[in-house]
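The values are calculated or read from the model by the stated rules, or taken from the named source; none is laboratory data. Quantities reported herein were computed from a predicted structural model and do not represent experimental measurements. Every residue, glycine as well, gets a Cβ built from its backbone with ideal geometry; the counts of neighbours run over all protein chains shown. Only protein heavy atoms, including side chains, enter the accessible area calculation; ligands, DNA and RNA are left aside. Shrake-Rupley method; radii C 1.70, N 1.55, O 1.52, S 1.80 Å.
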Amino acid sequence: MEKNSLVNLLSPKEWWVEEHEFEIDNINYYETIFTIGNGYLCTRGSLEGTHTASFPETFINGVFDHNDSSIVHMVNTPDWIPVHIYANNERLCIQNSKVLEHYRVLDMRQGTLYRRTRFEDPEGNITCFETLRYASFSEQHLCEMRINITPENYSGEVVIKSEIDGHQFNLDRIPAYGNIRTFDPEVKWKKWAKSKHLAHITTKSLEKDTLYLEMKTLDRPHRIGYASALNVLNYKPTTKRLMNDYERTQHTIVVDAKKGKTIELEKLATIYTSREISRNEIQNSCHKTLQENLKAGFEKRFNTHKKVWINKWDKCDIQIVGDPKANHAVRFSMYHMLIAANENDPTVNVGAKSMSGEGYKGHIFWDTEIFTLPFFVYTQPETARSLILYRYHTLRGARENAESTGYKGARYPWESADDGHEETPKWSADGQNRIWPGEEEIHITADVVQGVFTYYIATGDTDFMLKFGAEIIFETARFWASRLEHNEEHDRYELSSVIGPDEFHEHVNNNVFTNWMARWNLQKAAETYHWLQSNHRDHLTILTEQLDLKPSEIDHWREIAKKIYVLFDPETKLFEEFENYYKLRDVTISNWDEHGLPIYPEGYGDFNSGGTMLVKQADVVALMYVLSDEFDDETKKVNFEFYEPRTMHSSSLSTSVHSIMAIDTRCVKRAIHYFHHTAFIDLHDRKGSTEDGIHIAASGGTWQSVVAGFGGMRVKNRKLTFKPWLPTNWEELHFKLQWHGDELKVCIRHEEAEFYWETEKTDELAIEVMHNHLVLRPNTTATFKFTPEAREIEIPVDEEKAAEFDKPGE
């Protein structure tokens, strides 16, 4: 590469995700995986020049709207990316120009996207086009693109047009097209019914040579402002002009380019909304931030951005010595979690598809608390606090959900947007199938409380628990106390017409996951009351007055919890997933796809497997991971061996749990197999739906598969415990954990574990390793040697296929 090539700004290659050629069938996949962001916003990795298959999107966290759509959407806001290049009157476009070279790199270490494309026009003129873009982590309202344009073998006029494009829409529904499931990439987005969420306010700029666009959402009261500047750094333009259009504004620069001399440009965009400042301040803030950053210069802007990334990676990076492909996939998962969460805004969360695509309309599920939150709790606790505070800020909506369905307390929605109300659609996108989780998948209410305790136990953040956590815990307990039904004949409490994590089975009674989590929620509420009573009476007095909470209500919670019905056979140690599950057809899974995952038996699919014992995703098995210290090893093993052969893993959430539990139950081959599927689910597009957005729960599940699975980390009785096991080709596993404000560095090898407790305190840290107690002295390395437990070699399909599926790093 040339000396002034932007590629020289990138990190070492082990941090790269690469695209080596333009293939129109894969363009939307790359748009997703090349998403850049900073928690405040994310921009998909669309090319700078438009083409027919592209679906450019920028999402601002928390900006939702309803208007004419079937459900509330996270809004596809104005696009700051467009840059169009004309060389000798020829538009250089990936589709209409001859492409000699096309190459892109996502640099995960510093959150940048690099592009290099070389075009040849009909006259034989060759132009090299390079860009480097990022959303600043040091100034969250700033996005930047560096641009290099090199006329390699000619001199002539080069025109650069930079836009802010507010003419955007969201996808709403897709009509049923019979048996057609795929469409030509150039038209597939046109098949959808569109929804409009933005209206034009102004394109009048307050600054010379600066673009400005302001839009408003049509249903919610949001204003969104964008300011942008395009500067040539090493040429004097022959022409500069600004042009405004309805919902668009454009900056055009004309340069008389010289053969072999690169045109160097910078495009900056600043973005503010009325969510964080007054609508009257938006335009001034956009211009002020833009001018300040223009004066600062690229080196300062870029270096301060990189510094934030370095600090984040320093806390969370994982090193798998011996398996670089697996290490790369784990970093990819962590990268997408880091750009999706905003530590500075406690009113937003992480959607099931992050902010990388249209999937699930930006809605928040239990994915946060169960799958992604642990990563932040143990590596970025400040961010974890903000994510949990989102649940506090949407508590009012959760209360209204409960009241609207005739119950007390707070019922968190299965799909949540900006205000905590239930946003789950009632029909599938094609309108063909009824969707019930919004009414019945109520376990999320207890999952939220599980997230509260995960954060509190790991951080010891008493202030959070007093001001926010306790109220969530008490209000959710009230919901369960009113939702549980008393069976007078058997003097027990039951839950009818629910859906557990296994969404194949709707309207079921006494789902084990739901009932157990409800019981746990009630128990934790009673424990929290007792803790406040013993240690924080003043805060308890305030809460009891605020919530009209009486000791008799706490006693009632304890009594209900003792009598909640759970389908468990103490002789076999097997849980029946829900009432009459054993009476369903026990359909055998006998075929697996190219990734080693089950193929539906003939005649069955997502919407008609309810009459069988097929399980959509980990349900009973998930319970034994989520509340791991409540079950002994034998119970885990019995239930894993029963449910694993019946699980279809048709949810992206499933395989990470099975990977971890396979290690717990000594099923080594399955653990490695499921880890590979989870880790590469988006990087290799294993579900064929990455174009809709990153499966962020799988990203969190990948981290948990490494740390809680192979690293064996659990929290039991509020103590860190470790029971590690490494695959044969993994020589060492390194990771870090934040614990009560300090850092624990962990190195796992096949026959020893090494711990370094880095702290400014004088207190020792008691942990448990392979059932042995170990006391760590501050700032001192402790090594524990062990003999790995024997592991059974169990294979999900036949041995030949398993060997093929489980190649390391595949």
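Label zone (E123, point 7 Å along Cα-to-C-beta; backbone nitrogen cut-off 18 Å) within segment 152-168: 152-160. Largest accessible area first, the residues E139, E559, E488, E21 order themselves as E488, E21, E559, E139 under a 1.4 Å probe with ligands, DNA and RNA left out. Which residues among segment 284-304 fall inside the zone where the amide N is under 18 Å from a point 7 Å beyond the Cα of S138, along Cα→Cβ? Residues passing the 18 Å test: 289-304.
In segment 600-660, the portion of solvent-accessible area held by carbon and sulfur atoms comes to 47 percent [1.4 Å probe, whole percent, DNA, RNA and ligands not counted]. Across segment 334-468, C-alpha contacts under 8 Å between residues 6 or more apart give a mean separation that, scaled by the residue count, equals a relative contact order of 22 percent. Using the Cβ-Cβ distance between E579 and E403 with R0 = 35 Å, the FRET efficiency computed as 1/(1 + (r/R0)^6) comes to roughly 0.80. Taking each residue as 0.36 nm, the span from Y600 to E743 lengthens on full extension beyond its C-alpha to C-alpha distance by 47.0 nm.
So the label point goes 7 Å from the Cα of A193 along Cα→C-beta, right? Which residues of segment 49-70 then have their backbone N under 14 Å from it? Output list for this probe position: 67-70.
Per-residue surface analysis assigns Y756 an accessible area of about 70 Å², computed on protein heavy atoms at 1.4 Å probe radius. Among residues other than D184 with Cβ under 12 Å from its Cβ, the summed charge is +1 (Lys and Arg +1, Asp and Glu -1). A full extension of the chain between N4 and N280 corresponds to an added length of 95.2 nm, given 0.36 nm per residue minus the alpha carbon distance.
Ligands, DNA and RNA are left out, and with a 1.4 angstrom probe the accessible area of the chain is 37 Å² per residue. When a 1.4 Å probe is rolled over the protein heavy atoms, the share of accessible surface on segment 11-81 that falls to carbon and sulfur comes to 47 percent.
Approximating the spin labels as points 7 Å out from Cα along Cα→Cβ, the W16-to-K719 distance works out to 4.8 nm.
Straight-line reach from K550: taking Cα to Cα under 30 Å and skipping same-chain neighbours fewer than 8 places apart, the lysines in range are K408, K467, K524, K562, K563. In the complete set of protein chains, residue-level accessible area for I499 is approximately 0 Å², probe 1.4 angstrom. Rounded to 0.05, the FRET efficiency of the E789 and I24 pair, given R0 = 51 Å and the Cβ-Cβ distance, is 0.50.
Its Cα centre serving as origin, the chain has a Cβ charge dipole (Lys and Arg +1, Asp and Glu -1) of approximately 2340 debye.
In whole percent, what relative contact order does the chain give with Cα contacts below 8 Å and a gap of six or more residues? Rounded, it is 11 percent for the chain. Surface composition of segment 135-249: carbon and sulfur make up 48 percent of the accessible area, probe 1.4 Å. Under the convention that each Lys and Arg Cβ holds +1 and each Asp and Glu Cβ holds -1, the size of the dipole of segment 160-214 around its Cα centre is about 360 debye.
Projecting label points 7 angstrom from Cα along Cα→Cβ for D463 and D555 puts them 3.7 nm apart. Here's the picture: charge each Lys and Arg Cβ at +1 and each Asp and Glu Cβ at -1 in segment 407-559, and of L549, V448, P425 the one pushed furthest to the positive end of that dipole is L549.
To the nearest µm²/s, what D does Stokes-Einstein give for segment 687-744 at 4 °C and 1.567 mPa s, using the Kirkwood radius over alpha carbon pairs as Rh? It diffuses with D of about 96 µm²/s by this estimate.
One decimal place: the segment T238-K563 gains 108.9 nm when fully extended, by the rule 0.36 nm per residue minus the C-alpha distance. Local charge for T252 was computed over the other residues whose Cβ lies under 10 Å away, with Lys and Arg +1 and Asp and Glu -1, and equals +2.
The dipole here belongs to segment 359-443: it is taken about the Cα centre, uses +1 on the Cβ of Lys and Arg and -1 on the Cβ of Asp and Glu, and is about 200 debye. Given the choices (1) 30.8; (2) 34.3; (3) 28.0, Kirkwood radius over Cα pairs in Å derived from the coordinates of this structure is entry (3).
The residue among P346, Y335, Q291 whose Cα reaches farthest toward the positive pole of the charge dipole of segment 282-378, with charges on the beta-carbon of Lys, Arg, Asp and Glu, is Q291.
With the whole protein complex present, L233 retains an accessible surface near 80 Å², based on a 1.4 Å probe.
Other residues whose C-beta falls under 15 angstrom from the C-beta of W757 contribute a net charge of -3, scoring Lys and Arg +1 and Asp and Glu -1.
When the residues K236, K761, K723 are ordered by accessible surface, computed with a 1.4 Å probe over the protein chains alone, the sequence from largest down reads K236, K761, K723. Largest to smallest in accessible area, the residues K191, K361 fall in the order K191, K361 (1.4 Å probe, all protein chains included). Considering only Y565, I748, T383, the residue lying farthest towards the positive end of the dipole of the chain is T383, judged by Cα position with unit charges set on Cβ.
For the peptides 385-393, 630-638, residues were scored by their other Cβ atoms within 10 Å and the scores averaged per peptide; the highest-first order is 385-393, 630-638. If R0 equals 22 Å, the separation of the Cβ atoms of W427 and D219 corresponds to a calculated FRET efficiency of about 0.60.
Take each of the peptides 459-471, 684-696, 766-778, 196-208, average the number of other beta-carbon atoms within 10 Å over its residues, and list them starting from the highest. Don't skip to the answer; put the middle values down first.
Values: 459-471: 18.5, 684-696: 21.6, 766-778: 14.6, 196-208: 16.2.
Packing proxy ranking, top to bottom: 684-696, 459-471, 196-208, 766-778.
Filter K13/K208; K216/K267; K616/K736; K190/K240 down to the pairs with a C-alpha to C-alpha distance above 29 Å, please. Pairs exceeding the cut-off: K13/K208; K616/K736; K190/K240.
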